[in-house]
Amino acid sequence: MRRLLGLVLLVPFVVGFLSPGAAVEPEPEPVFAFTDREITESSGLVARDGLVVTVNDSGDRNRIFTVDPATGDTVGVTHWQGDATDVEALAPAGDGAVWVGDIGDNLGARDHVEVARVPFGRGNRTVRAPTYRLVYPDGPHDAETLLADPATGRLYVVAKEFIGRLYAAPEQLDPDGPNRLTLVDEVLGIATDGSFLPDGSHLVLRNYGQAAVYTWPELRRVAQVDLPRQPQGEGLAISESGEVLLSSEGAGSEVLRVELPVPPPQPTATATPTPTPAPDAAGGEQAPVRAEQRSWWPWAIGGVAGLAIVAVLLRSLRPRD
């Protein structure tokens, strides 16, 4: 009975996590498998210039892998200065570079997280990468998703929580920092990766089992689909042509191509390597857009349903005269 009660108490979480309206699982198409034995925990993914870039989960060094999707072979490795704490994410940075997010914090103990702009491509190299400290406005958060707006270059971080939260970095990053993040709105829960469409009109977030598509900057969710099963799906990339790729942790894991309900991209926006300020009408820094649509109602329904079932079970267990 305790096990039954435990399952019942999970009802609101399951309802809120999945939420209604998920479409049929898209049919996956394997593109390649990582052949490099050093790639054991692919956590972030970027597809640019006919190549794929990935990074290992926590425990690895400051390095990224450039992979040829035609073979799955690693064709370049870039190292940069410093020691990694918990690297979890990648985002396109333009001009043959990616943003690397050292943003993981499983214990919620970090007073700041970091992002670095790192070049990728064929050949091995060691570089001095510009690095920036980010600080949350409301205490530490674990995160695995880093986004870069292709039109402005502005960075966004998604906290990996049951109710996901999207935070915006300052439009101009200060290398001396810290750079204070700003809460934008609620998004998909337990997000493990995401990406903007190349034209910046939509963004896609994924977790271990689903993907959600949002308009930008309104952050209106227009689609949610079940994803193909993966050992531990933590990567999502959208190429310049709109091709959607998914990766998973695990040695020799496959990268899958899927069709998601997103509009075809318009001509690719040009990303600025480092976010630059865009003053508003009053001359101040432009604030991030807040979406008006909230997603509390699935949690409320789930909570009421769970409490009702618990009440019925408890009533049935009362001793009878």
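Of the residues 209, 245, 115, the one whose Cα sits farthest towards the positive end of the charge dipole of region 23-294 is 115 (charges of +1 on Lys and Arg Cβ, -1 on Asp and Glu Cβ, taken about the Cα centre).
Based on alpha-carbon atoms, the Kirkwood radius and the radius of gyration of region 23-294 give Rg/Rh equal to 0.93.
Residues whose amide H falls under 5 Å from that of residue 189, counting only those 5 or more places apart or on a different chain, are 164, with hydrogens built in the peptide plane. Derived scalar couplings between HN and Hα for region 50-59 equal x, 10, 10, 10, 9, 9, 6, 5, 3, x Hz in order, rounded to whole Hz, by the Karplus curve 6.51 cos²θ - 1.76 cosθ + 1.60 (θ = phi - 60°), x for Gly and Pro.
Under a 5 Å amide H cut-off, with hydrogens placed 1.01 Å from N, residue 222 pairs with 213, 214, 215 among residues at least 5 apart or on other chains.
Computed packing ranks the peptides 250-260, 144-154 as 144-154, 250-260, most packed first, by mean other Cβ atoms within 10 Å. Using the beta-carbon distance between residue 109 and residue 77 and R0 = 25 Å, what value does 1/(1 + (r/R0)^6) give for FRET efficiency, to the nearest 0.05? For R0 = 25 Å, the calculated efficiency reads 0.25.
Readers should treat all values here as calculations from the given coordinates under stated rules, not as data from a laboratory. As the structure is a computational prediction, the values presented were derived from the model and not from experiment. Methodologically, a virtual Cβ is constructed for each residue, glycine included, from the backbone with ideal geometry; neighbour enumeration extends over all protein chains shown.
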